[in-house]
Structure formats: structure tokens, C-alpha cells
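All of the numbers you see were taken from the coordinates with simple rules; none came from a lab. Please read all numbers here as calculations on a predicted model, not as lab measurements. Positions of Cβ are backbone-derived with ideal geometry, glycine not excepted, and every protein chain shown enters the neighbour counts.
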Amino acid sequence: MPNLSKTVNELRSERNRLARELDQLDEAISVLSGLGKGAGGRRGGKRRLSAAARKRIADAQKARWAKWKAKQQKRAA
């Protein structure tokens, strides 16, 4: 039985070594995957706008279109 105990201890040591190595690999993957991302390091690389920001953008675009249409009507008249 002393051989069995020794084998179990060796297996536990190997498991602990591999767990440390996996932690290091996970950390390296995490660092490398964050390198190509924009501000905030979000996954997927997409920026998220708030509802208020989307509304401001939509309102500004509607104002631009209204200005353009008014200008076109003046030309037609």
C-alpha cells in the first residue's frame, strides 16, 4: 500500500501543477483577447448607445432631412 499512497500523492501534485498552468493560460488568453477591443474592452467590439443618445441622433437626422426638404421645396417653387 505505500506505493499506492505515493502514486496518489504524485497524481495530486501533478493535478495542482496543471491547475496552475491552466490558470496562467486563462490569464494569457484574457489579456490577448482584450488587446484588439475598443474602449471598455467589451466583448464583440460593438458600442452600445443609450436610448437617450439614440433619440438625440434620430432627432438630429430628422432635423437635417426637414432642412433639406424645405430647401428642395424652395427650389421647386
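Given charges of +1 on the Cβ of Lys and Arg and -1 on the Cβ of Asp and Glu, with all other atoms neutral, how large is the dipole of the chain about its Cα centre, in debye to the nearest 20?
1540
Could you point to the residue in Trp65, Ala52, Leu18 farthest towards the positive end of the chain's charge dipole, with +1 and -1 charges on the Cβ of Lys/Arg and Asp/Glu respectively?
Of Trp65, Ala52, Leu18, it is Trp65.
Could you tell me how far the Cα centroid of region 46-74 sits from the Cα centroid of region 2-17, in Å?
Centre-to-centre distance over Cα atoms comes out at 68 Å.
Lysine pairs in the chain 8 or more apart or on different chains: how many have alpha carbons under 25 angstrom apart?
Within the chain, the lysine pair count is 8.
Work out, in µm²/s and without decimals, the Stokes-Einstein translational diffusion coefficient of the chain at 4 °C, 1.567 mPa s, Rh from Kirkwood over C-alpha pairs.
Rounded, D is 69 µm²/s.
With point charges of +1 on the Cβ of Lys and Arg and -1 on the Cβ of Asp and Glu, referenced to the Cα centre of the chain, which listed residue (Val8, Ala76, Gly34) lies farthest in the positive direction of the dipole?
Value: Ala76.
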